[in-house]
Amino acid sequence: MTNLKNRTLFFGDNLEILRDKIPDESFDLIYLDPPFNSNRNYNVLFKEGLQDSPAQVQAFEDSWHWTHESQAIFEELVGVRKSPTKINEQISNLMLALEKLVGHNDMLAYLTMMTVRLIELRRVLKSTGSIYLHCDPTASHYLKLVMDAIFGKQNFRNEIVWTYRRWPSKSKFFQTMHDIILFYVKDEKSKYTFNTIFQPLADITLKIHKGRKQLATIIDGKRLSRDQEETSVGTPIPDYWYIPAIAGNAKERLGYPTQKPEQLLERIIEVSSNEGDLVLDPFCGCGTTVSVAERLNRQWVGIDITMLAINLIRHRLAGQFEGKSLPIIVDGRPKDVSGAKALFEKDPFEFEYWALDLVSAVPGQSKTKENMRGADKGIDGVINFIKDIKSGEQIYGRVLVQVKGGMVHRNDIATLKGDIEREKADGGLLVTLEPSTRPMIQEAVEAGTFTPSFTKVEYPKIQIISVQELIAGKKPALPAWSEPYFKEAKKVKIGNKSQQGLGI
Ligand SMILES: C[S@@+](CC[C@H](N)C(=O)[O-])C[C@H]1O[C@@H](n2cnc3c(N)ncnc32)[C@H](O)[C@@H]1O
């Protein structure tokens with residue numbers, strides 16, 4: 001078990017990490033926003049990728065479908081297979097009942113995968129801790145049964161309805177515009193934190209009750225008079241929260257499809273933790289929880305199964321807390337070449353995200369698994385740099401980045417050359433896991449150089465850099481890219497054309 005440190009991001013499956021690395025009673029607050037069962041493409045990080053290639057996310061999605069893995073975990077939960085997780089009879093009975101009720105399908109797989117994680121999450125929650133499970137109406141009623149079985153129904157506090165507005169869609173039922181957040185404590189008899197938040201009384205209420213002292217609220221055992229309420233605190237907030245979803249043009253929007261608004265997390269963190277407390281988000285996505293926790297002076301730990309999410313969070317925090325040095329620990333990223341090889345063998349996509357991050361490249365959007373594996377037309381990543389300034393406007397240039405995990409050949413350089421021409425990019429960078437060959441180096445040298453008018457410095461048109469060199473601290477020779485990560489990703493200007501985002 002790891003001695004947990006503030007600002008740790010774990011890359012990997014939260015079940016493995018919880019089981020192997022997180023000690024009992026570690027956290028004051030847990031918020032989890034797992035992929036919803038209703039949203040089967042929850043993990044699609046790039047919309048375009050989804051349209052082009054559902055296969056891109058298949059490997060990941062599999063773990064939430066009825067597969068050998070969910071079957072094995074189900075067997076652990078019902079007690080016919082040995083489990084590292086402590087299972088009690090109530091949970092086994094519930095799983096058997098759910099099996100009868102919903103059958104062997106994705107919903108049972110989802111509930112199975114959630115149940116085993118929620119048991120581990122209870123274990124790592126302090127006895128004074130609170131947990132908020134964010135879900136939607138498709139699965140919330142089943143998940144409440146699961147939560148009751150794991151946490152005890154006496155520890156249920158609220159079913160919070162988070163409402164938001166979005167464009168209505170054509171339907172023969174009411175527009176669905178809310179999510180459910182199930183709020184439990186580990187032990188209702190403990191001194192768990194609950195910092196009541198008040199909202200101002202409605203004008204109409206104030207008018208009606210003006211002068212009526214008998215209308216009073218009891219808060220923390222203290223009776224507040226109407227006058228006190230009116231003048232100081234207002235009324236405690238109810239269990240339905242209207243908080244706008246992140247608008248398309250909102251400043252906080254990073255483009256991560258399931259990103260939650262900071263205001264939502266602010267409320268949860270402020271109510272159920274105090275400064276210095278340790279907060280966990282085991283499905284941390286692009287890091288809304290950890291970023292708000294940091295701002296509110298809480299300690300935090302995040303877990304995500306995608307390297308992309310982990311990288312995004314590092315950029316998000318760097319952008320948000322510019323000037324403040326935030327020592328973030330990332331657990332699970334390869335530290336040496338053998339770690340890089342192991343990651344490549346386990347998951348070439350995650351290897352690619354990791355390698356792109358080593359050169360601060362923004363992942364390409366239109367790449368699909370098929371063309372990555374096949375004709376290799378997809379661009380793995382892009383580095384944007386200021387190429388020129390004309391009439392006060394910055395003109396961006398691009399260096400295309402290709403990542404190669406397997407053996408590399410002269411042909412890879414020829415392909416990169418073709419990509420640069422086709423995309424009208426300025427240069428190319430090949431990141432390799434295996435050493436490059438002499439003919440490759442020769443072909444790269446023959447490609448010549450480019451000189452951005454902004455810096456007037458000459459750079460090789462095609463460069464090759466190995467993972468080993470990058471780990472050792474070598475950097476490719478590139479113009480400084482001065483645009484922030486997310487802005488680069490959203491809009492890239494090439495020549496006179498404005499091109500819509502590559503990536504996040
Ligand atoms: C709904 S998103 C969370 C979004 C997050 N609340 C935010 O505001 O960015 C769910 C996240 O869970 C991650 N995830 C899914 N299964 C996981 C697992 N088994 N272990 C760790 N992370 C997982 C996905 O990669 C995705 O980033």
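Every number in this text was worked out from the coordinates using simple rules, so none of it is lab data. Computed from a predicted structure; not experimentally measured. Backbone-built Cβ (ideal geometry, glycine too); neighbour counts: all protein chains shown.
Things worth noting here:
- For the range 170-185, 3J(HN,Hα) per residue [Karplus equation, 6.51 cos²θ - 1.76 cosθ + 1.60, θ = phi - 60°, Hz, x = Gly/Pro]: 6, 7, 9, 8, 5, 5, 7, 9, 8, 10, 10, 10, 8, 10, 10, 10
- For the range 322-363, trypsin sites (Lys or Arg not before Pro) are listed when DSSP marks them as loop and at most 12 other Cβ atoms sit within 10 Å of their Cβ; the list is 324, 335.
- Residue 342 paired with residue 252, simple spin-label distance in nm, labels 7 Å along Cα-to-beta-carbon: 3.7 nm
- Relative contact order %, the range 229-328, counting alpha carbon pairs below 8 Å whose residues are six or more apart: 20 percent
- With a Förster radius of 35 Å applied to the C-beta separation of residue 96 and residue 24, the computed FRET efficiency comes to 0.80.
- With Cα atoms defining each centre, the range 269-335 and the range 177-203 are spaced 23 Å apart in the structure.
- Loop-located chymotrypsin sites (Phe, Trp or Tyr not before Pro) in the range 264-338, at most 14 other Cβ atoms within 10 Å (DSSP): 321
- FRET E, pair residue 75, residue 204, Förster distance 60 Å, beta-carbon r, rounded to 0.05: 0.55
- Note on residue 174 and residue 329: the model spin-label points, each 7 Å out from Cα along the C-beta direction, lie 4.7 nm apart.
- FRET efficiency for residue 391 and residue 166, using Cβ-Cβ distance with R0 set to 41 Å, rounded to 0.05: 0.55
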